[in-house]
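Taken together, the values in this text are just the output of simple stated rules run on the coordinates, not laboratory data. The model shown is predicted, which means the values in this text are computed figures rather than measured ones. Cβ placement follows ideal geometry from the backbone for every residue including glycine, while neighbour counts extend to all protein chains displayed.
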Amino acid sequence: MGLFKKFIDKIKNKKLAKKIEEKNIENKSKIYKVKNLEQDKFDKGLKKSSNKLSIAIKEIAKKYFEVNEEFFENLEEVFILSDFGVSATNKIVNAIREEIKFQAIKDPKLIESIIIDKIFVYYIQNTDVDINLNLECDRTNIILVSGVNGVGKTTSIAKLANILKKDNKKVLLVAADTFRAGAIEQLEIWSERLKVEIVKPEKYGQDPSSVIYKGIKKGKDENFDVVICDTSGRLENKNNLMEELKKMNKVIKNFDSSAPHEKLLVLDATTGQSGLNQAKVFKEIGDISGIILTKMDGTSKGGIILAIKDIFDIPVKFIGLGESLDDLAPFDLEMFITAITKDLDI
Ligand SMILES: Nc1nc2c(ncn2[C@@H]2O[C@H](COP(=O)(O)OP(=O)(O)OP(=O)(O)O)[C@@H](O)[C@H]2O)c(=O)[nH]1
Ligand SMILES: [Mg+2]
């Protein structure tokens, strides 16, 4: 039995164990634990990826009578087209190759479970899969959100605020994207819909750090649980961006040297490898504590999550599975792999 299958079999027990563990953690420490969503949500949001990957794997399994080098080349192509990235593809295909040799399997139709198993093993190896947010109950937690233009920062902030608010957290939004026309109004609309307070600049072009200052001060003075700061994603001038982010961090640290407690980088799953390369700049500029991977529902290339592991090696904490407020899910590896391989025979 493969590792992933064993894992799936254990899920029921694990879920129970998790509940008990959560209860213990709740009692012992005050670290915030993100609650998992249902498998349905993952299945629906990752349908395009599942269709593409499963159909392609089934097609090559049908095409070859026997597992040979050409079969592996085709498999590599399937992974590349699913945006796994070159490095993850090579490592996973090599692991499959070795396993097949070890088990002396000849029939391509028998290797679907090995494929899934090796994808799973690849992801969990040497990886920090901790998706919990570093939020504590007895302080004002500060989250700084960054990322390239249009990746879904503001929408994800609203979705995250929605999750936290449902969990009875007092949330404050800070509109520190003073650059793009309409950015402030966009966050303001969300704040009205969510019924959460917002701190915004007096005018566009205002120094974003001054808005951050105002926001954190209000957050601290009025005992907010979480302050989420929206930032501008302009990349035209790397030095400007670097200076701007440095200054924001400095302002935040003046209030609390342990903050920002989370620095979340937002990545758009539909932009593929080029989008990831662009986002590397943010990793170069400052340490990132977690990734929000948006628009997974809009791509058939869900394998991008493996490329992210390679390029960033930072935990994906949330994935965006649609445009509505409830479409942000804490990342769950088992649910993710189950969803993208839904149509395979394991
Ligand atoms: N389908 C889908 N659309 C999403 C998701 N997340 C965000 N979007 C859409 O992506 C578009 C851009 O989202 P924004 O939140 O404005 O992105 P941003 O990074 O704040 O953009 P800038 O402020 O211009 O840098 C919007 O139309 C969102 O509805 C997602 O998970 N799935
Ligand atoms: Mg925005």
Q: Taking the Cβ of each residue in Thr294, Thr341, Thr271 as the centre, tally the other Cβ atoms inside 10 Å and list the residues starting with the fewest.
A: Thr271, Thr341, Thr294
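Taking other Cβ within 10 Å of each residue's Cβ, how do Ser146, Ser54 sort, fewest first?
Ser54, Ser146
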Q | Magnitude of the charge dipole, the range 112-256, Cβ model with Lys/Arg +1 and Asp/Glu -1, debye to 20 | A | 360 debye
Q: Among the listed pairs Lys153/Lys214; Lys91/Lys250; Lys47/Lys109; Lys203/Lys238; Lys109/Lys280, give every one whose C-alpha distance is greater than 30 Å.
A: Lys91/Lys250; Lys109/Lys280
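Would you tally the net charge around Asp256, using a Cβ to Cβ cut-off of less than 10 Å, leaving Asp256 out, and scoring K and R as +1, D and E as -1?
Numbers: positive: Arg139, Lys220, Lys253; negative: none.
Spelling it out: positives minus negatives among the neighbours equals +3.
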**Q.** Cα-centred dipole magnitude for the chain, charges only on beta-carbon of K, R (+1) and D, E (-1), debye, nearest 20
**A.** 780 debye
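Counting only other residues whose beta carbon sits under 9 Å from that of Phe312, what net charge do I get with K and R as +1, D and E as -1?
Details: positive: Lys280, Lys283, Lys309; negative: Asp310, Asp313.
Taking every Cβ under 9 Å from that of Phe312, the sum is +1.
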(Q) Output the 0 to 90 degree angle, nearest 10, between the alpha-carbon long axis of helix 47-63 and the longest principal axis computed from the alpha carbons of the chain. (A) 20 degrees
Q.
Amide H of Ala176 versus every other amide H placed in the peptide plane: which residues, excluding those fewer than 5 positions away on the same chain, fall under 5 Å?
A. Asp230
Q: Report, to the nearest 10°, how far helix 69-81 tilts away from the longest principal axis of the Cα atoms in the chain, using its own Cα long axis and a range of 0 to 90°.
A: 20 degrees
Q: Could you tell me how many degrees, from 0 to 90 and to the nearest 10, lie between the Cα long axis of helix 208-221 and the main elongation axis, the longest principal axis, of the Cα atoms of the chain?
A: 80 degrees
(Q) Distance between the C-alpha centers of the range 59-109 and the range 148-220? Whole Å please. (A) 46 Å
Q. At 222 nm, what helix-only mean residue ellipticity would the chain give, in deg cm²/dmol to the nearest 500, using -39500 (n - 2.57) for each DSSP H run of four or more?
A. -17000 deg cm²/dmol
